[in-house]
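Before any comments, here is the structure.
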Amino acid sequence: MPIRLKSMLEKGEKGISGIKKNPRALVIAGLIGIMLIFLSTCFSNEDETEIVEKTVSISAEQYRSSLENSVKEIVADITGDTQSTVVVTLESGIRYSYADSTETNSSNTKSNGGGTESKTSTHSYITVRTADGGEQALLITELMPEVRGVAIICKGGDDEIIAQKIKGAVTAAFSITSKRVYIAGGNSYEKR
């Protein structure tokens, strides 16, 4: 059948009149087009669903641990010490911002002595349906906490030049002042 349809189209005007004489070919071509459109929407929706499901939020503890590992890598690159100890403190937990709406109603009441005006406002969050049929507030932004301070104990941390290199790298990475970074030497003494 596809070869016959192709030959009808190649004939030009006669081909078009051939399709008009054979409406079955036109119906089949239409159904094929509809199936292709349907299949393309099914596949694109699956991709979007996978993207949404892959979006995973991390906890403040996981975020802090990730920052500590990043600082350990910086220290290892500068000093060669792969056994450094790093502690990162955060200002607060993760802050979430949700979509919301506020509705304000006002009414005027007039009486013999004068008028009064009253306003009421209703605040509500915009919700979306989840895959399991429940509802949850629509998340707009997720703000990671700021770094409060960093403490680093590493080999060579007592050396002023190495400490300045580490401090410069950490302050630049976290956009914090040098007062918030403490560096000390470690593993430089032998146990007696």
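For TYR98, which sequence-distant residues (separation of 5 or more, or a different chain) have an amide H within less than 5 Å of its own amide H, given hydrogens modelled in the peptide plane?
It is ILE140, by chain and number.
Name the residues whose placed amide hydrogens come within less than 5 Å of the amide hydrogen of SER84, ignoring near sequence neighbours (fewer than 5 apart) on the same chain.
none
Can you list the HN-Hα couplings for segment 85-102, worked out from phi with the Karplus curve (6.51, -1.76, 1.60; θ = phi - 60°), rounded to whole Hz and with x for Gly and Pro?
Going residue by residue, I get 10, 10, 10, 10, 10, 10, 5, 7, x, 6, 9, 10, 10, 10, 5, 9, 9, 10 Hz, with x marking Gly and Pro.
Considering amide H positions built from the backbone, and no H for Pro or chain starts, which residues 5 or more places from GLY149, or on another chain, come under 5 Å of its amide H?
THR89
Since every read-out is calculated from the coordinates, none of them should be taken as a lab result. Everything numeric here is computed off the predicted structure, so don't read it as measured data.
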